[in-house]
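Visitor: Pasting in a structure now, in structure tokens, and then I'll have a few things to ask.
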Amino acid sequence: MRRSRALLLVVAAAAAALLPACSSGSPSTLQPRGPAAQRIDGLWWFMFWIALGVFAVVIGMLLFGLFRRRKSGESVARGGGERAVVLLGIVAPAIILTTLFVVSLRDLNALSAPAKSDAMTVSVIGHDWWWEVRYPQRHVVTANEIHIPTGTQVLLHLSTGDVIHSFWVPQLSEKTDMIPGKTNRMLLEADRPGIYRGQCAEFCGLEHARMSFLVIAEPPSQFQTWLAGESQPIGSVTGAAAQGKRVFLTSTCVSCHTIQGTNADATDGPDLTHFGSRRTIAANSVANTPGNLAAWIEDPQGIKPGALMPPAVVEPRQLQALVTFLEGLK
């Protein structure tokens, strides 16, 4: 019975080690899409195989001890195990830990290397609970989406507007904290086009779990087209969109948001100049659709409890016009 229980524990431990590999649908450091993430991935696998080897040795010795049968009348040998204790309990762990320490220092040094002279600079500011993104060279401001050109090193300036946040894109980079009163720096680079999900990795309040963002890696020519469009103010609007614009400028919306090309220049909430081109609403909480936008304007707490945005009190017809105006901001 004891042997059966021990064997069951061994099988359960092995299953527990394999279960995380079965998860899907979320970004993984084991699917690297950039130089920094590839280095982290290599270190992870190096540590994994060492740990697996140690695990196999320990389990093998445990099974050997459990299932060894002694011959009847055989005396139990005493002594002689000191060498095994020294080799497996002291020398081997010292070699393994020293090797891991040296390899980790090598990778930390590589991840902390200075930016290239031609690196593009992007500023990211964490807020409760959304991300402000600035491209200072072109005076572009957006929110919750970071567009970058593939194959180009991007120097991120990371800061916070309130509490401690932590910037993390598992498939592209390491974690970097955003600390009040301090600007941290990190390098971001994607080696192929794609949309990569990022997440705040430091508990920052009620809606920490829904404080995510998207890194959109595009071919350089496509990125330059996007950047040129984002640097332009909105043009003239007509019809329902014009009515929605009037609703925006005469309601509580104007006291928190900026729309370039209008007199709305508040900075408490995200810049909405090109809101219609964004994929999500409320820091990746829901898809950017007219229905979701109307629900978000009427009842932000229903979508993101704890959000600092107050509900807008507008009539149904005004709400429809406001949604038309915002969704048209491409």
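Visitor: Between Arg317 and Glu82, what is the label-point separation in nm under the 7 Å Cα-to-beta-carbon projection?
Guide: Distance between label points: 9.7 nm.
Visitor: Another question, if that's okay. Measure off 7 Å from each Cα along the Cα-to-Cβ vector at Ile50 and Val102, then give the distance between these two points in nanometres to one decimal.
Guide: 1.1 nm
Visitor: For all pairs of alpha-carbon atoms in the chain, what percent lies in each bin of width 10 Å, listed from the first bin to the last filled one?
Guide: So the P(r) values, bin by bin, are 5, 20, 25, 18, 12, 9, 6, 3, 1, 0, 0.
Visitor: Where both residues lie in the chain, what percent of DSSP beta bridges are antiparallel, nearest 5?
Guide: Here the antiparallel bridges make up roughly 70 percent for the chain.
Visitor: Let a ≥ b ≥ c be the square roots of the eigenvalues of the Cα gyration tensor of the stretch 233-320; is it rounded (a/c under 1.5), or, if not, prolate (a/b larger than b/c) or oblate?
Guide: Rounded.
Visitor: Further, regarding this structure: How would Ile297, Ile179 rank on accessible area, largest to smallest, probe 1.4 Å?
Guide: Ile179, Ile297
Visitor: Given a 1.4 angstrom probe, I'd like the percentage of the accessible area of the stretch 250-330 that is carbon and sulfur, rounded to a whole number.
Guide: Answer for the stretch 250-330 is 54 percent, counting heavy atoms of protein chains only.
Visitor: Moving on. Go ahead and estimate [θ] at 222 nm for the chain from helices alone: -39,500 (n - 2.57) per DSSP H run with n ≥ 4, summed, over the residue count, rounded to 500.
Guide: Here the helix-only value at 222 nm equals -12000 deg cm²/dmol.
Visitor: Along the charge dipole of the chain, which of Val124, Ser255, Pro316 sits closest to the positive end, that is, farthest toward it, with unit charges on the beta carbon of Lys, Arg, Asp and Glu (+1, +1, -1, -1)?
Guide: Val124
Visitor: Assigning unit charges at the beta carbon (Lys, Arg +1; Asp, Glu -1) and nothing else, what dipole magnitude in debye, to the nearest 20, does the chain show about its Cα centre?
Guide: 1800 debye
Visitor: Follow-up. Dividing the Cα radius of gyration by the Kirkwood radius, what Rg/Rh value follows for the stretch 165-270?
Guide: Result: Rg/Rh = 1.05.
Visitor: Relative to the compact-globule scaling 2.2 N^0.38 Å, provide the ratio for the alpha-carbon radius of gyration of the stretch 89-204.
Guide: Here the answer is 1.26, to two decimals.
The values are calculated or read from the model by the stated rules, or taken from the named source; none is laboratory data. Owing to the predicted nature of the structure, the values given are computational and were not obtained by experimental measurement. For neighbour counting, all protein chains shown are included, and Cβ atoms are generated from backbone atoms with ideal geometry for every residue, glycine included. For the accessible areas, the whole protein counts, side chains as well, though only heavy atoms, and no ligand, DNA or RNA atoms are used. Shrake-Rupley method; radii C 1.70, N 1.55, O 1.52, S 1.80 Å.
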